[in-house]
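Structure record follows, encoded as structure tokens.
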Amino acid sequence: MINPMVLMKMLRGGNPQQAIMNAMRNQAGQNPVLNNALDMAEKQDAKGLEQLARNLCESNGVNADDMVKQIKSQLGMK
């Protein structure tokens, strides 16, 4: 978990988006799947991120389309 005070210092230092990505990379450690997802996010590779999410859902026996509907419902989206 990131210390909120450390996060605030990082955000004051410049680019908030980069500060968040750096914090997430620190949390990811040696997790190759999460590091791959962060790389795709930095490159704005939406199709790659979607495929990664679908693969993760499939490997855990979850229907990706049902998951999207559930998340949208929880966020009040159509």
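Observations on the structure shown:
- Computed across the chain, the Kirkwood radius stands at 14.5 Å (inverse of mean 1/r, all Cα pairs).
- Per residue, the average separation of C-alpha pairs within less than 8 Å and at least 6 apart gives the chain a relative contact order of 13 percent.
- Estimated from helices alone, the mean residue ellipticity of the chain at 222 nm is -23000 deg cm²/dmol (sum of -39500 (n - 2.57) over DSSP H runs with n ≥ 4, per residue).
- Distance (nanometres) between label positions extended 7 Å along Cα→Cβ at Gln51 and Ile71: 1.8 nm
- Local net charge near Ser73, Cβ-Cβ under 13 Å (Lys/Arg +1, Asp/Glu -1): +1
- Which of Pro32, Leu49, Ile20, positive extreme of dipole for the chain (C-beta unit charges): Ile20
- Taken one residue at a time, the phi angles of the stretch 20-33 give Karplus couplings (6.51, -1.76, 1.60, θ = phi - 60°) of 5, 4, 5, 5, 5, 5, 4, 6, 5, x, 9, 6, x, 5 Hz. Gly and Pro are set to x.
Read-outs throughout are calculated quantities, based only on the coordinates presented, and are distinct from any laboratory measurement. All values derive from a computational prediction rather than experimental measurement. Every residue, glycine among them, receives a Cβ derived from its backbone with ideal geometry; neighbour counts consider all protein chains shown.
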